[in-house]
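Colleague: Encoded as structure tokens, here's the structure I'll be asking about.
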Amino acid sequence: MGSPRPQSGAPGPYEFPTATRQTLANGLRVIVAPMHRLPLVTVIAVVDAGAAGDAGGEEGLAMLTASALTEGTANRDGPALVDAFERLGTAVESGADWDDASVRLTVTPPRLDEALALLAEVLRAPRFSESDVERLKSERLAELLQQQMEPRGLADERFARVVYDASSRYATAAGGSPRSVRTLDVAQVRGWHEARYSGATTTVIVAGDVTPSRVLELIERRFGGWRQPVQPMRSLEATARSAMRAVHVVAKPDAPQSELRVGHTGLPRMHRDYFAVVVMNAVLGGLFSSRINLNLREVHAYTYGAHSGFDWRRNAGPFVVASAVKTEVTDAAVREILLEIDRIRDEEVSADELDLATKYLAGVFPVRYETTGAVASALALATVYGLPDDYFSTYRERIASVSRADVLAAARAHIHPAALQVLAVGDVKAIEAPLAALGVATPLVTSATEEDDA
Amino acid sequence: MRLPLESYRLPNGLLVTLSEDHSAPVVAVNLWYHVGSANEREGRTGFAHLFEHMLFQGSEHVGSSEHFELIQRAGGTLNGSTWLERTNYFETVPSHHLELALWLEADRMGALLPAMTQDKLDTQRDVVKNERRWSVDNQPYGTWWERLPALCFPPEHPFHHSLIGSMEDLSAASLEDVAEFFRTYYTPDNAVLTIAGDFRAEEARAMVERQFAGIPRGAARPALPSMSLPRTFGRWARDVVEDDVMVPRLFLAFRAPMFGSHAYYAGSVCAAVLGQRRGSRLYRALVRDGELASDVGASTWDLAKGADLFVADATARPGVDAATLEAAVVAEIDRLRAEGVREDEVERALALIETDYVSSMQAAGDRADAISKFATLFGDPALVNEQLDRYRAVTAADVTAFAREVLGEDNRASLVYVPRIPAEGQ
């Protein structure tokens, strides 16, 4: 007790697991990252078939298709397929995000071959029965209905709608809106699968207790003949709805807290300022010890937590500050968020703040990638965004090379106070007038139940 | 798959377990204090958790926001959590920062009180009240995790009351309460320390000695009131809650054998057969075939004192009323009891449990937490290595016997959420 603060020694050597990359004749890419500590393998098949490719009016099709993959194949119905996976000790999961569809599972190595055989069935010959597709649609509609009472999901969904122009795919949730989901049918699901799922659009990532040559042999056997014509991916415009500040209130009567979202359109994942922006955001609101969290939580006790983030996508995903604050301090919390946003653009962050952010981001890297699931997920993201092969081996240096001037330049280039959209899901009668008094903009009030903006 | 373990006790009572693994330059420090909401006195619900927040507000040699800052600057992750019968604190750091993490933990175990101020308490009280609003009051079904124990444990039982606490009790907490709670429960003889990951045992032992050996043992702690309970509820209890929700949700709870007992493992397998993953009975019957529910589950709470809870849950599809939902869940449970489980269902459950278990041993922080759990609740860290064998010993007959003994009508508690305003189906 009372001993002086210990000095830490030198960091031990660390290498991100070395990945072997190969391509089959049909264009399917295979990435293998051996990790031999435990008898475990994670497999992720990533397909270039994400929600960004949904056509107008068909929002939700990519996610519905990805979910339906694991509802049965040509050889087995849904229950038999689930049973086959689960008897291997693995719960297969499929889904889609903005920029990819994926199927993932974790098994012990002796069961890998059987699991890959099932995975190939799922991707190549899904059953897509009408009843399963209709059931998944109603599950999504049920989720959207429940969201009307769930302030966090509601705030996220409404925030996207006020940040992006209605013509942008990003204005509607990746899973679609009630209006779009109701119109989807099994023919569209089959059509989307036909158009986007093929060897040429798929990467299979395997991380764990395996050898690359053995994995390649297994994958060649299961996916070797998979060829299909593929239509090009639809392009997406991340157009902002408005360049003017606005305040939006979504009614949740008598809510004891307001769910806040403050932000605007951000920038694409492959932007050259990526590392400077990541460090800037860490200082602003990315860490527990960031300005926004310390201000709103530890100084003012307005909230249990507050953070900021850039949602990285192929196109410009949103930049958002998010927090749930006590109803009575909604206006004060918004004022503090706006002040912190101005401050990060006004002057350089301190040397101490930069040191904390860069040391955290670089230092936590080995802690993040202890598991086969985390390594496979990282390699999947690298695939989706086309990150260079040396991305993981150079990440820590790239972070460490960000300077205070870089952070200021990134804040000035990519944070736009004049375009901020402020959204609160909360008790209108308690927060509308105080928000109006902030002088940002006259609040626009909507109800939680209304459908897409007409 | 067995973790290497080396356990010893310091003269002040701290139980230390080391588990070396050099596969990544990462080390986890994990402390469990054997105190949770069960130890709160009347009028102080939520105090154990509020106290957990205070442990991040600095100590004699650590400034008010320094704990988070120092660990994050080291490239580490950290947090704490409070449960009915324990509170834990943990860091995972690059291995060369091991002693920093130990020093931070030792400083707050040894000398928290000099850093405590009314101002810090007031701030954290408001933060916790916001945590309550966020997780309970402003969330659909958010009150379930205080209503369910209230329904399942008698009022005088230490597991009955709210873990997050009432606003009133949080308001009443004082600095004197902080001091008393600290002196009573935050002592080395009421804690276990686990270090897992990349370190050398002799160096870690020396660090533990340097940082923790000087902390004095505590005085005798007040014993918990009797935790023992009859084997069943003796009735079918019921609580129907009108809430701001769009569709009904049911929690159906059963009093179950304590965590760690032989019957517990059969119960855990039974939960997997009944409600875990898409191959489970409830999923097939209610989600896939009946289309009555959008979501189902079953699990145990893993309580090691008095009695555990086995809880099934289901969320209705729009248009399905609470009575229909409950009848469907009950029908599956009754069928399980009448017909028993099949061998292949148990095999499926065990295969999933095995993969999950091995997966949970990947991260140093998870390994350390599992070791601390067995060290705290049973005084035997080595039990972490027995778990798979305990599961593998479970037979279909054991699971059927569990279902018949535990899931009967005289041992049920239904917590039913219904929409305040009936929603129109879509």
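The values are calculated or read from the model by the stated rules, or taken from the named source; none is laboratory data. Bear in mind that the values here come from a model prediction, so they are computed numbers and not experimental data. Neighbour counts run over all protein chains shown; Cβ positions are idealised from the backbone, glycine included. To get the accessible areas, we keep the full protein, side chains included, count just its heavy atoms, and leave off ligands, DNA and RNA. Shrake-Rupley method; radii C 1.70, N 1.55, O 1.52, S 1.80 Å.
Colleague: Answer yes if at least one residue in segment A:201-221 is open to solvent by 40 Å² or more (accessible area, probe 1.4 Å) and farther than 30 Å from A:Val375 by Cα, and no otherwise.
Modeller: no
Colleague: If you check A:Pro39, A:Pro6, which single one turns out to be open to solvent by 50 Å² or more (accessible area, probe 1.4 Å) and part of a loop (DSSP other than H, G, I, E, B)?
Modeller: A:Pro39
Colleague: Which one is nearest to the other protein chains (Cβ to nearest Cβ), of the residues in segment A:349-374 that are in contact with a Gly (Cβ under 6 Å, 6 or more places away or on another chain) and open to solvent by less than 10 Å² (accessible area, probe 1.4 Å)?
Modeller: The residue in question is A:Val364.
Colleague: Related question: So which residues in segment A:355-376 are without any contact (Cβ under 8 Å) to a residue 12 or more places away in the chain, in a helix (DSSP H, G or I) and out of contact with any Lys or Arg (no Cβ under 9 Å at 6 or more places or on another chain)?
Modeller: Hits for segment A:355-376 are A:Val367, A:Arg368.
Colleague: Looking at segment B:286-299, can you tell me whether even one residue there is more than 14 Å from every other protein chain (Cβ to nearest Cβ), touching a residue at least 24 places away in the same chain (Cβ under 8 Å) and either within 18 Å of B:Glu347 (Cα to Cα) or surrounded by fewer than 24 Cβ atoms within 10 Å (Cβ to Cβ) (or both)?
Modeller: Taking every residue of segment B:286-299 in turn, at least one turns out to be more than 14 Å from every other protein chain (Cβ to nearest Cβ), touching a residue at least 24 places away in the same chain (Cβ under 8 Å) and either within 18 Å of B:Glu347 (Cα to Cα) or surrounded by fewer than 24 Cβ atoms within 10 Å (Cβ to Cβ) (or both).
Colleague: Confirm whether B:Phe47 is touching an Asp or Glu at 6+ places or on another chain (Cβ under 7 Å) and within 30 Å of B:Leu224 (Cβ to Cβ).
Modeller: yes
Colleague: Moving to a separate point now. How many of the residues in segment B:81-104 are away from every other protein chain (no Cβ under 12 Å) and under 19 Å from B:His61 (Cβ atoms)?
Modeller: 1
Colleague: Could you list, in sequence order, all residues of segment A:105-140 that are within 12 Å of chain B (Cβ to nearest Cβ), within 27 Å of the chain's Cα centre (by Cα) and open to solvent by 10 Å² or more (accessible area, probe 1.4 Å)?
Modeller: Within segment A:105-140, A:Thr106, A:Asp132, A:Glu134, A:Leu136, A:Lys137, A:Ser138, A:Glu139, A:Arg140 qualify.
Colleague: Every residue in segment B:348-366 that is within 19 Å of the chain's Cα centre (by Cα) and open to solvent by 10 Å² or more (accessible area, probe 1.4 Å), please.
Modeller: B:Ile353, B:Asp356, B:Tyr357, B:Ser359, B:Ser360, B:Ala363, B:Gly365, B:Asp366, listed by residue number.
Colleague: While we're on this one: With the requirement that a residue be touching a Ser or Thr at 6+ places or on another chain (Cβ under 9 Å), of a type in the set (S, T, N, Q) and open to solvent by less than 20 Å² (accessible area, probe 1.4 Å), what does segment B:86-124 give you?
Modeller: Passing the criteria: B:Thr87, B:Asn88, B:Thr92.
Colleague: Something else: Quick check on my filter: what residues within segment A:389-440 are surrounded by fewer than 16 Cβ atoms within 10 Å (Cβ to Cβ) and either farther than 20 Å from A:Leu284 by Cβ or not assigned by TED's automatic domain parsing to the domain that holds A:Asp346 (or both)?
Modeller: Of everything in segment A:389-440, those that are surrounded by fewer than 16 Cβ atoms within 10 Å (Cβ to Cβ) and either farther than 20 Å from A:Leu284 by Cβ or not assigned by TED's automatic domain parsing to the domain that holds A:Asp346 (or both) turn out to be A:Asp389, A:Asp390, A:Ser393, A:Thr394, A:Glu397, A:Lys429, A:Ala433, A:Ala436, A:Ala437, A:Gly439.
Colleague: Another one. Determine whether B:Arg235 is touching an Asp or Glu at 6+ places or on another chain (Cβ under 7 Å), open to solvent by 40 Å² or more (accessible area, probe 1.4 Å) and over 30 Å from B:Arg392 (Cβ atoms).
Modeller: yes
Colleague: Provide a single number: the residues in segment B:151-180 that are free of Cβ contacts under 8 Å to residues at least 24 places away in the same chain and not in a loop (DSSP other than H, G, I, E, B).
Modeller: Looking only at that region, the number is 3.
Colleague: I need the full set of residues from segment A:16-37 which are touching a strand residue (DSSP E or B) at 6+ places or on another chain (Cβ under 6 Å) and within 14 Å of chain B (Cβ to nearest Cβ), in order please.
Modeller: Hits for segment A:16-37 are A:Pro17, A:Ala33, A:Met35.
The rows are residues; the columns are (1) modelled with pLDDT under 95; (2) surrounded by fewer than 22 Cβ atoms within 10 Å (Cβ to Cβ); (3) more than 10 Å from chain A (Cβ to nearest Cβ); (4) closer than 28 Å to B:Ser64 by Cα.
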site: B:Asp126; (1), (2), (3), (4): no, yes, no, yes
site: B:Thr143; (1), (2), (3), (4): no, yes, yes, no
site: B:Leu148; (1), (2), (3), (4): no, yes, yes, no
site: B:Leu163; (1), (2), (3), (4): no, yes, yes, yes
site: B:Ser171; (1), (2), (3), (4): no, yes, yes, yes
site: B:Phe182; (1), (2), (3), (4): no, yes, yes, yes
site: B:Val192; (1), (2), (3), (4): no, no, yes, yes
site: B:Gly197; (1), (2), (3), (4): no, no, no, no
site: B:Glu202; (1), (2), (3), (4): no, yes, yes, no
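Colleague: Could you grab me the full set of residues in segment A:256-278 that are within 14 Å of chain B (Cβ to nearest Cβ) and either touching a Phe, Trp or Tyr at 6+ places or on another chain (Cβ under 6 Å) or under 21 Å from A:Gln421 (Cα atoms) (or both)?
Modeller: Residues satisfying the conditions are A:Gln257, A:Ser258, A:Glu259, A:Leu260.
Colleague: Sticking with this structure for a sec: Could you say whether any residue in segment B:84-96 is within 29 Å of A:Gly363 (Cα to Cα) and in a helix (DSSP H, G or I)?
Modeller: Checked against the condition, which is being within 29 Å of A:Gly363 (Cα to Cα) and in a helix (DSSP H, G or I), segment B:84-96 yields at least one hit.
Colleague: Can you tell me which condition A:Pro13 does not meet? The list is (1) at the interface with chain B (Cβ under 9 Å from one of its Cβ atoms); (2) in contact (Cβ under 8 Å) with a residue 60 or more places away in the chain, and all the others hold.
Modeller: A:Pro13 satisfies every listed condition except (2).
Colleague: From B:Pro188, B:Pro225, grab the single residue that is at pLDDT 95 or above and of a type outside the set (Phe, Trp, Tyr).
Modeller: Criteria check complete, one pass: B:Pro188.
Colleague: Please count how many residues of segment A:68-85 are surrounded by fewer than 24 Cβ atoms within 10 Å (Cβ to Cβ) and not in a strand (DSSP E or B).
Modeller: Qualifying residue count, segment A:68-85: 8.
Colleague: Would you please name the residue that is nearest to the other protein chains (Cβ to nearest Cβ), looking only at residues in segment A:90-100 that are in contact with a Leu (Cβ under 8 Å, 6 or more places away or on another chain) and surrounded by 24 or more Cβ atoms within 10 Å (Cβ to Cβ)?
Modeller: A:Thr90
Colleague: For segment A:218-231, name all the residues that are aliphatic (A, V, I, L, M) and part of a loop (DSSP other than H, G, I, E, B).
Modeller: A:Val230
Colleague: Next question. So, of the residues in segment B:318-341 that are surrounded by fewer than 22 Cβ atoms within 10 Å (Cβ to Cβ) and within 12 Å of chain A (Cβ to nearest Cβ), which turns out to be farthest from A:Leu81 (Cα to Cα)?
Modeller: Of everything passing the filter in segment B:318-341, B:Gly319 is farthest from A:Leu81 (Cα to Cα).
Colleague: Check off (1) closer than 30 Å to A:Glu432 by Cα; (2) free of Cβ contacts under 8 Å to residues at least 60 places away in the same chain for A:Ala382 and give me the number that stays unchecked.
Modeller: Among (1) closer than 30 Å to A:Glu432 by Cα; (2) free of Cβ contacts under 8 Å to residues at least 60 places away in the same chain, A:Ala382 violates only (1).
Colleague: Just to be sure before I move on: is B:Ser59 among the hydroxyl-bearing types (Ser, Thr, Tyr) and either surrounded by fewer than 24 Cβ atoms within 10 Å (Cβ to Cβ) or more than 25 Å from the chain's Cα centre (by Cα) (or both) in the structure I sent?
Modeller: yes
Colleague: Then there's this: Please enumerate the residues belonging to segment A:103-134 that are within 13 Å of A:Val206 (Cα to Cα), assigned to a strand (DSSP E or B) and touching a helix residue (DSSP H, G or I) at 6+ places or on another chain (Cβ under 7 Å).
Modeller: Across segment A:103-134, the qualifying residues are A:Val103, A:Leu105, A:Thr106, A:Val107.
Colleague: Which ones in segment B:234-251 are touching a Leu at 6+ places or on another chain (Cβ under 9 Å) and farther than 30 Å from A:Leu144 by Cβ?
Modeller: The answer is B:Ala237, B:Arg238.
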